[in-house]
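Chemist: Have a look at the structure that comes next, please.
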Ligand SMILES: Cc1ncc(C[n+]2csc(CCOP(=O)(O)OP(=O)(O)O)c2C)c(N)n1
Ligand SMILES: [Mg+2]
């Protein structure tokens, strides 16, 4: 198998992992014991997969409330995520953070925040650190179209351009912030058109096409690593479930049913699977096997998470500060 | 009086409230109705915020308003809180009466510059020439793993900002009366709601009426200890009062209703009577309304006290996500009862 084929299969594996990871949350959420506000990324898997496949050790990525895919694509352990959503001590944040704040520093995920736009400058700061140290790493800021409403994006992009920092601004434009369409919030539906004025390359790509995402991110990463500065990547995609929680919000009148139906026809996982089948990179048996193995892995992770211990309530203050051996009064 | 009563539980309301002719509304209904009446009666009033016109309607508090008054007067906003607070303030300076709504108080930090540096000081900096009548509604979230960035109670951070009034209504009656007062006022008001109060019911008169800020209310008469309760802590205090009275301890519950201005007269009068003070705040321990009230009681006369002041607050820890840690994090009726019992002879 060629390197390219291996990469391509890797993309499919990641997308299937993310899809099934999220679908399992939909399945178990009704039991009401996963007490965490989950923001699912079903329908947007290609962006996480395509971008993260270009990252190497030492690169840092910063995500948002809708972070599950970004974490998994970077190699996060599903069991550590599920356990976190269940509020367990074995979770990636020991039950302190929940679904909105996963952290895997060893994988290049220092932490995650859910203040819209809040993490964009953090990627710029990481880029600044890499540049100051002459390091061949880059930082990724994942954010939604909603975050492009925030002034902090302009401040961050401008500074990154000024100092030619190794940053990928990755805007997952799914057209909505909660139930508010982009057209109600911005005069131009292309986020990148607004950004071009800052003097950095901007790319608009089909966010449901994993290969296109991968290629766009690869070019941007090469530029960043070569010291040529940041790139603004806008991926047009669509979220299938509601803003938060396992249900779809179409019945509640949050967006048109036809719109969702049209996007579902362009399912990123199905599109990519079909393309690989057509090209003969994988066959039906491989795909079937991939789903089975993924499911086994995730079912095990879920079961493990559910039987993990809760944090000790007496320990509630652990982690406010680094342990100093002395209690803060 | 019907409007001072806190109905801690549903049965409580069903048992006591439907006294003849008393109209009952939930807290969220009261908020919604108030905005509707204000939009109807004053063309300068408009409501703005993220999702104010969407099918959720900010937990129901703005539901239906966009349909009735149009999307111009019930204005969805981009997620740009800092700039948009300035936009709201600018509109206020130009003669409008904006009500800016936030689903979480956490987002107030994005607006902090416009609130603290601009709105709050506008009148004073202009030598009294120009006021800044901006009302900001923000909701304290709680539970279901909302965690460190979606369930903070950040009103404390605005307490030291001169020129800002901070309202913390605990009942539907106060929510309505204080919101009307805020929107009719000539100065900025931070209007802090609690998500867990949204379903609680109480007496709400029809039409517009105002509740004056800086007027605490004694929600329950008692003799052994004064329990000052802010916002949702009133519900917990009412429950604690029942548990304590079964043990022969009688507490007096005082709700300041607004933490800026603070009605110290009512609080001190109660402390004078009981000689004991427990302050329950919906906020972290340090630097909040509880600290401020304790300081003012100390200034007014520590000799009033027969026991040390006790505070029942969130700990100085970010809100944890895990349900077991949430349980440990939030103080409730039991903690209030324990705090009272500890300072009893
Ligand atoms: C500063 C701030 N304002 C408001 C919110 C509430 N909120 C959470 S997610 C969200 C929408 C974000 O939309 P987008 O950035 O497009 O991301 P998506 O949910 O579509 O992935 C909003 C308004 C928040 N978390 N932070
Ligand atoms: Mg979006």
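Chemist: Tell me yes or no: at least one residue of segment B:175-190 is surrounded by fewer than 24 Cβ atoms within 10 Å (Cβ to Cβ) and at positive phi.
Modeler: no
Chemist: Also, I was wondering about something else. Can we say residue B:77 is under 30 Å from residue A:191 (Cβ atoms), touching a strand residue (DSSP E or B) at 6+ places or on another chain (Cβ under 6 Å) and crowded, with 17+ Cβ neighbours inside 10 Å?
Modeler: Details: under 30 Å from residue A:191 (Cβ atoms): yes; touching a strand residue (DSSP E or B) at 6+ places or on another chain (Cβ under 6 Å): yes; crowded, with 17+ Cβ neighbours inside 10 Å: yes.
Answer is yes for this residue.
Chemist: Now a separate question. Hey, among B:123, B:97, B:142, B:104, which residue is in contact (Cβ under 8 Å) with a residue 60 or more places away in the chain and within 14 Å of another protein chain (Cβ to nearest Cβ)? Lay out the reasoning, then the answer.
Modeler: On the way: B:123 fails: within 14 Å of another protein chain (Cβ to nearest Cβ); B:97 fails: within 14 Å of another protein chain (Cβ to nearest Cβ); B:104 fails: in contact (Cβ under 8 Å) with a residue 60 or more places away in the chain.
Selected residue: B:142, the only one of B:123, B:97, B:142, B:104 that is in contact (Cβ under 8 Å) with a residue 60 or more places away in the chain and within 14 Å of another protein chain (Cβ to nearest Cβ).
Chemist: Among the residues of segment A:221-230, which ones are assigned to a helix (DSSP H, G or I) and in contact with a strand residue (DSSP E or B) (Cβ under 7 Å, 6 or more places away or on another chain)? Before you say what the answer is, go through the steps one by one.
Modeler: Kept after step one, since they are assigned to a helix (DSSP H, G or I), are these residues of segment A:221-230: A:221-225.
Of everything in segment A:221-230, those that are assigned to a helix (DSSP H, G or I) and in contact with a strand residue (DSSP E or B) (Cβ under 7 Å, 6 or more places away or on another chain) turn out to be A:221, A:223, A:224.
Chemist: For residues that are within 14 Å of another protein chain (Cβ to nearest Cβ) and outside any loop (DSSP other than H, G, I, E, B), scanning just segment A:101-121, find the one that is farthest from ligand 2 (Cβ to nearest atom).
Modeler: Per the stated criteria, the residue is A:121.
Chemist: Scan (1) touching a residue at least 12 places away in the same chain (Cβ under 8 Å); (2) within 16 Å of ligand 1 (Cβ to nearest atom); (3) in a loop (DSSP other than H, G, I, E, B) for the single condition residue A:188 breaks and write down its number.
Modeler: The number of the failed condition is (1).
Chemist: Among the residues of segment B:53-71, write down those that are farther than 18 Å from residue B:34 by Cβ and surrounded by fewer than 18 Cβ atoms within 10 Å (Cβ to Cβ). Steps first, please.
Modeler: Taking segment B:53-71 as the starting set, the residues that turn out to be farther than 18 Å from residue B:34 by Cβ are B:54-56, B:70-71.
Across segment B:53-71, the qualifying residues are B:55, B:70, B:71.
Chemist: Give the residues of segment B:155-172 that are crowded, with 24+ Cβ neighbours inside 10 Å and closer than 14 Å to residue B:215 by Cβ, sorted by residue number.
Modeler: Residues satisfying the conditions are B:167, B:168, B:169, B:170, B:171.
Chemist: Taking the conditions exactly as written (away from chain A (no Cβ under 14 Å) and modelled with pLDDT of 95 or more), does residue B:293 satisfy them or not? Break it down stepwise before answering.
Modeler: Details: away from chain A (no Cβ under 14 Å): yes; modelled with pLDDT of 95 or more: yes.
So residue B:293 fits the description; yes.
Chemist: Among (1) under 19 Å from residue B:311 (Cα atoms); (2) in a strand (DSSP E or B), there is one condition residue B:267 misses while meeting the rest; what is its number?
Modeler: If we test residue B:267 against (1) under 19 Å from residue B:311 (Cα atoms); (2) in a strand (DSSP E or B), just (2) comes out false.
Chemist: From (1) within 14 Å of another protein chain (Cβ to nearest Cβ); (2) more than 27 Å from residue A:85 (Cβ to Cβ), pick out the condition that doesn't hold for residue A:276.
Modeler: The number of the failed condition is (1).
Chemist: Do you know which residues across segment B:133-168 are closer than 21 Å to residue A:103 by Cα and within 14 Å of the chain's Cα centre (by Cα)?
Modeler: Listed by number, the list holds a single entry, B:152.
Chemist: Here is a list: A:305, A:218, A:270. Which entry is more than 30 Å from residue A:123 (Cβ to Cβ) and either in contact with a strand residue (DSSP E or B) (Cβ under 6 Å, 6 or more places away or on another chain) or part of a helix (DSSP H, G or I) (or both)? It would help to see each step written out before you state the result.
Modeler: Details: A:305 fails: more than 30 Å from residue A:123 (Cβ to Cβ); A:218 fails: more than 30 Å from residue A:123 (Cβ to Cβ).
Just one listed residue meets the conditions, A:270.
Chemist: Residue B:90 passes all but one of (1) under 25 Å from residue A:182 (Cβ atoms); (2) surrounded by 19 or more Cβ atoms within 10 Å (Cβ to Cβ); which number fails?
Modeler: The one condition residue B:90 does not meet is (2).
Chemist: Still on this model: Would you say residue A:234 is more than 13 Å from chain B (Cβ to nearest Cβ) and within 30 Å of residue A:36 (Cβ to Cβ)? First the steps, then the outcome.
Modeler: Numbers: more than 13 Å from chain B (Cβ to nearest Cβ): yes; within 30 Å of residue A:36 (Cβ to Cβ): yes.
Yes.
Chemist: Could I ask something else about it? Among what's in segment A:148-179 and is away from ligand 1 (no atom under 16 Å from the Cβ) and touching a helix residue (DSSP H, G or I) at 6+ places or on another chain (Cβ under 7 Å), pick the residue that is nearest to the other protein chains (Cβ to nearest Cβ). Steps first, please.
Modeler: So in segment A:148-179, the residues away from ligand 1 (no atom under 16 Å from the Cβ) come out as A:158-168.
When the remaining residues are screened for being touching a helix residue (DSSP H, G or I) at 6+ places or on another chain (Cβ under 7 Å), the result is A:159-160, A:163, A:165-168.
Values: A:159: 17, A:160: 20, A:163: 23, A:165: 23, A:166: 27, A:167: 21, A:168: 21 Å.
Filtering first and then ranking leaves A:159.
Chemist: Can you name every residue in segment A:134-162 that is assigned to a loop (DSSP other than H, G, I, E, B), without any contact (Cβ under 8 Å) to a residue 60 or more places away in the chain and more than 13 Å from ligand 2 (Cβ to nearest atom)?
Modeler: Kept after step one, since they are assigned to a loop (DSSP other than H, G, I, E, B), are these residues of segment A:134-162: A:134-138, A:145, A:150.
Subsequent filtering for residues that are without any contact (Cβ under 8 Å) to a residue 60 or more places away in the chain retains A:134, A:145, A:150.
Within segment A:134-162, A:134 is the sole residue that qualifies.
Chemist: Taking residue A:244 and the conditions (1) modelled with pLDDT of 95 or more; (2) more than 16 Å from the chain's Cα centre (by Cα); (3) within 14 Å of chain B (Cβ to nearest Cβ), which numbered condition does it fall short on, given that it satisfies the others?
Modeler: Only one criterion is unmet by residue A:244, namely (2).
Chemist: Which helices (runs of 4 or more DSSP H) does segment A:1-84 wholly contain that include 2 or more residues that are surrounded by fewer than 20 Cβ atoms within 10 Å (Cβ to Cβ) and either in contact with a helix residue (DSSP H, G or I) (Cβ under 9 Å, 6 or more places away or on another chain) or at pLDDT 95 or above (or both)? Let's see the steps before the verdict.
Modeler: Details: elements: A:3-29, A:45-52, A:68-73.
So the answer is A:3-29.
Chemist: Okay, moving on. Out of (1) crowded, with 23+ Cβ neighbours inside 10 Å; (2) within 21 Å of residue B:83 (Cβ to Cβ); (3) within 20 Å of the chain's Cα centre (by Cα), what's the single condition that is false for residue A:160?
Modeler: Against the list (1) crowded, with 23+ Cβ neighbours inside 10 Å; (2) within 21 Å of residue B:83 (Cβ to Cβ); (3) within 20 Å of the chain's Cα centre (by Cα), residue A:160 comes up short only on (3).
Chemist: Pick from B:148, B:170: which is out of contact with any helix residue (DSSP H, G or I) (no Cβ under 7 Å at 6 or more places or on another chain) and either under 30 Å from residue A:317 (Cβ atoms) or in contact (Cβ under 8 Å) with a residue 40 or more places away in the chain (or both)? First the steps, then the outcome.
Modeler: Details: B:170 fails: out of contact with any helix residue (DSSP H, G or I) (no Cβ under 7 Å at 6 or more places or on another chain).
One residue alone meets the criteria, B:148.
Chemist: Restricting to segment A:1-51, and then to whatever is within 30 Å of residue A:135 (Cα to Cα) and in contact with a strand residue (DSSP E or B) (Cβ under 7 Å, 6 or more places away or on another chain), can you tell me which residue is nearest to ligand 2 (Cβ to nearest atom)?
Modeler: Filtering first and then ranking leaves A:47.
Chemist: Okay, moving on. Kindly indicate the residue of segment A:194-244 that is within 16 Å of ligand 1 (Cβ to nearest atom) and within 17 Å of residue A:165 (Cβ to Cβ) and also surrounded by the fewest Cβ atoms within 10 Å (Cβ to Cβ) among those meeting that condition.
Modeler: Selected residue: A:195.
Chemist: Any residue that is modelled with pLDDT of 95 or more, within 30 Å of residue B:113 (Cβ to Cβ), within 14 Å of the chain's Cα centre (by Cα) and surrounded by fewer than 20 Cβ atoms within 10 Å (Cβ to Cβ) - is there at least one of those in segment B:245-264?
Modeler: yes
Chemist: Within segment B:306-316, is there a residue that is closer than 20 Å to residue B:141 by Cβ and in a loop (DSSP other than H, G, I, E, B)? Full working, then the answer.
Modeler: Going residue by residue through segment B:306-316, those that are closer than 20 Å to residue B:141 by Cβ are B:312-316.
Adding the requirement that they be in a loop (DSSP other than H, G, I, E, B) leaves B:315-316.
Within segment B:306-316, one or more residues are closer than 20 Å to residue B:141 by Cβ and in a loop (DSSP other than H, G, I, E, B).
The values are calculated or read from the model by the stated rules, or taken from the named source; none is laboratory data. Small disclaimer: the values here were computed from a predicted structure and weren't measured. Using ideal geometry, Cβ is built from the backbone for each residue, glycine included, and neighbour counts are taken over all protein chains shown.
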